[in-house]
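Novice: Take a look at this one; I'll ask things after.
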Amino acid sequence: WREIMQDSWISMTPRGFGRTAFHVVEAIQMGLIPVHIYNQTKWVPYENLFDEIGFAITLDELPALVDKLENWTTQDFLDREKVVARYRESHFLPKAVMGQVQNFLTKAEKSDLVCHQLPSTTTMS
């Protein structure tokens, strides 16, 4: 799977059993643009920054995103990969995550983490 990912610009990251997917972070750590597909609740890391990094969409929104990406140029993908690389270093590698958590706990204004109450659904939608 690593070879396939190395030959890709984007990676589909559908939500797993929980509200999100570990593969979102795996894709970013490998330098790919994540396309996170969710049901009812958008549940992505660093939600205020995520739209700069990748895409979070419902399954119904997937055809429109495919149309959009078909019109992207190589430069569009390369530019987004640079953004992914920048945030990978500052937010998604283990040391960076711990720094974000430390800032959230001690100087919340310096952290990009956002805390939410869990949705009340029992289906984890």
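The values are calculated or read from the model by the stated rules, or taken from the named source; none is laboratory data. The structure presented is a predicted model; accordingly, all values stated were derived computationally and were not measured. Please note: Cβ atoms are built from the backbone with ideal geometry, for glycine as well, and neighbour counts cover all protein chains shown. Calculation scope for accessible area: heavy atoms of the full protein, side chains included, ligands and nucleic acids excluded. Shrake-Rupley method; radii C 1.70, N 1.55, O 1.52, S 1.80 Å.
Novice: Provide the solvent-accessible area of residue 26, counting protein heavy atoms only and rolling a 1.4 Å probe, rounded to the nearest 10 Å².
Specialist: 80 Å²
Novice: Rounded to whole Å, give me the distance from the Cα center of segment 1-50 to that of segment 57-88.
Specialist: Going from one Cα centre to the other spans 12 Å.
Novice: How many Å² of accessible area per residue for the chain, probe 1.4 Å? Let's see the in-between values first.
Specialist: Values: 8060 Å² over 125 residues.
The answer is 64 Å² per residue.
Novice: Could I ask something else about it? Starting from the Cα gyration tensor of the chain, take the square roots of the eigenvalues, sort them a ≥ b ≥ c, and report rounded, prolate or oblate (rounded when a/c is under 1.5, otherwise prolate if a/b is larger than b/c, else oblate). If you can, show how the numbers build up before the last one.
Specialist: Values: a/c = 1.84, a/b = 1.18, b/c = 1.55.
Oblate shape, in that a/c is at least 1.5 and b/c is the bigger or equal ratio.
Novice: Any chance you could count the Lys pairs in the chain whose alpha carbons are under 27 Å apart, treating pairs 8 or more apart or on different chains as valid?
Specialist: Lysine pairs satisfying the spacing and distance rule in the chain number 10.
Novice: I've got another one for you. If the chain between residue 79 and residue 60 were fully stretched, how many nm would it gain, using 0.36 nm times the residue separation less the Cα-Cα distance? Don't skip to the end; give the middle numbers.
Specialist: On the way: separation 19, 0.36 × 19 = 6.84 nm, distance 2.64 nm.
4.2 nm is the gain from fully extending residue 79 to residue 60.
Novice: Of all the accessible heavy-atom surface of the chain, with the other protein chains kept in place and a 1.4 Å probe, what percent is carbon and sulfur?
Specialist: On the way: 4530 of 8060 Å².
Roughly 56 percent of what the probe reaches on the chain is carbon or sulfur.
Novice: Give me, ordered by chain and number, the residues 5 or more places off residue 13 or on other chains with an amide H under 5 Å from its own placed amide H.
Specialist: For residue 13, whose amide H was placed from the backbone, the distant partners under 5 Å are 35, 36, 37.
Novice: Right, next: Report relative contact order for segment 20-125 in percent, whole number only (criteria: Cα-Cα under 8 Å, sequence separation at least 6).
Specialist: Numbers: 94 pairs, mean separation 31.2, N = 106.
Here the relative contact order equals 29 percent.
Novice: If I stretch the segment between residue 103 and residue 40 completely, what's the gain in nm (0.36 nm per residue apart, minus their alpha carbon distance), one decimal?
Specialist: On the way: separation 63, 0.36 × 63 = 22.68 nm, distance 2.95 nm.
Going from the current span to full extension adds 19.7 nm.
Novice: Along the positive direction of the dipole of the chain (beta-carbon charges: Lys, Arg +1; Asp, Glu -1; about the Cα centre), which of 117, 65, 11 reaches farthest?
Specialist: Of the options given, the answer is 117.
Novice: Something else about it: Round to the nearest 0.05 the FRET efficiency obtained for residue 90 and residue 4 when R0 = 22 Å and r is the Cβ-Cβ distance. Mind showing how you got there, number by number?
Specialist: Working: r = 27 Å, r/R0 = 1.21.
In this case the efficiency is close to 0.25.
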